[in-house]
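The structure appears below as structure tokens.
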Amino acid sequence: MRARTIVMGVVVGVLGIGGIANCSMLAPRPPDAHVRLLAHRGVHQQFSRAGLTRDSCTAAQALPADHTLLENTLPSMAAAFEHGATVVELDIHPTLDDQLAVFHDWTLDCRTDGTGEIRHQPMAALQALDLGHGYTSNGGTTHPLRGTAVGQMPTLPEVLAAFPEGRFLVNIKSKDLREVDLLKGILDEHPRWRDQVWSVYGSPPPIDHAAGLWPDMPVFSSASVKGCIKQYMLWGWSGVVPEPCQNTVVVVPINVGPLLWGWPHRFGARMAAVDTTVILTGPYTRGDTGTTGIDSLELLAQVPDGFDGFLWTNRIELIGPALHTP
């Protein structure tokens, strides 16, 4: 009985010390803490998520348009920066003539008046397409954006040249290491653009390759993020930041954050100490397709006061002005 009492006392003591060590209220807030915005796809057309799968054509599920901007185009990116984005996310694909086209979909059929895979087309053919051709909010009865974005698909060098002060999160869309090598060739030829590529993310094979090429760049994949969060949930109570969480980017859904030891301020301080950036997204739902963002004023109000990191948003035109309004 006495031994059991001693053991229980030790356990309670350890838990108490762990609770104090992970109490966010006792963590000093960084004096320069501030929220930064990451605009997913720039300013773009919104779409219904009802019944959404990985194969869905989101242009065919578009909501009624209140602007004519299209994702991954120069006007879209310019608008995102004007609305307060620190970083703009974009997607790249290799072309038949070894250029990097900036476009989201694997194929052209959904959004454009072209057909087939992007990687089987030369860049000149891609830049002759109408990127607004497929958008409809009424089942194809009308296509209000047709003709508004002819010739607007940029190359990655055109993006980096157009926004010399901009920062970009580059999404490698395939598992092909060739895309990373093409990116390396561009940055080797134009070293000043290296600082504009804020980070690279995608599937593990190309991202592991990118990590070897740019050890100073915090790159990430869904596997690396999951590895960090799982390891931190196991060991974060002790104050240890596991290796998968170091010198990287960790993406935290807003409904997962409270499950992390020391969330938000002590967690943020620990990540900052190991050169890791925290991105806060919308809520995680099992089986959900795509990444939800901080896309409403209601979700923006749930962001912890003093949060020091990035907000991932699909509505930079809404969230940016709301965040920066005194």
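The values are calculated or read from the model by the stated rules, or taken from the named source; none is laboratory data. No experiment lies behind these values; they were computed from the predicted model shown. Ideal geometry is used to build each Cβ from the backbone, glycine not excepted, and the neighbour counts take in all protein chains shown. Quick note on the areas: whole protein, heavy atoms, side chains included, nothing else; ligands and nucleic acids left out. Shrake-Rupley method; radii C 1.70, N 1.55, O 1.52, S 1.80 Å.
Structure notes:
- One residue from Asp208, Asp195, Asp105, Asp113 being closer than 27 Å to Trp312 by Cβ, part of a loop (DSSP other than H, G, I, E, B) and either under 22 Å from the mean Cα position of the chain (by Cα) or at pLDDT 95 or above (or both): Asp105
- Residue match in segment 128-135 (condition: within 29 Å of Arg167 (Cβ to Cβ), open to solvent by 10 Å² or more (accessible area, probe 1.4 Å) and small (Gly, Ala, Ser)): no
- Out of Thr291, Thr285, one residue alone is surrounded by fewer than 18 Cβ atoms within 10 Å (Cβ to Cβ), over 24 Å from Pro242 (Cα atoms), out of contact with any Pro (no Cβ under 8 Å at 6 or more places or on another chain) and free of Cβ contacts under 8 Å to residues at least 24 places away in the same chain. It is Thr285.
- Answer residue from segment 158-174, given it is open to solvent by 40 Å² or more (accessible area, probe 1.4 Å) and at pLDDT 95 or above and is nearest to the chain's Cα centre (by Cα) among those: Arg167
- When Trp261 is tested against the conditions (1) open to solvent by 40 Å² or more (accessible area, probe 1.4 Å); (2) of a type in the set (A, V, I, L, M, F, W, C); (3) without any contact (Cβ under 8 Å) to a residue 60 or more places away in the chain, the lone failure is (3).
- Here Glu89 meets each of (1) over 22 Å from Ile316 (Cα atoms); (2) in contact (Cβ under 8 Å) with a residue 24 or more places away in the chain with one exception, condition (1).
- Residue match in segment 235-256 (condition: farther than 24 Å from Gln99 by Cβ and aromatic (Phe, Trp, Tyr)): yes
- Only one of Arg54, Arg49, Arg119 that is surrounded by fewer than 22 Cβ atoms within 10 Å (Cβ to Cβ) and farther than 28 Å from Gly282 by Cβ: Arg119
- Helices (runs of 4 or more DSSP H) (entirely within segment 263-326) containing at least 3 residues that are under 26 Å from Trp235 (Cα atoms) and modelled with pLDDT under 95: none
- Some residue of segment 215-236 being among the hydroxyl-bearing types (Ser, Thr, Tyr), closer than 24 Å to Ala79 by Cα and over 16 Å from the mean Cα position of the chain (by Cα): no
- The set of residues in segment 299-316 being free of Cβ contacts under 8 Å to residues at least 12 places away in the same chain and among the hydrophobic types (A, V, I, L, M, F, W, C) consists of Ala301 alone.
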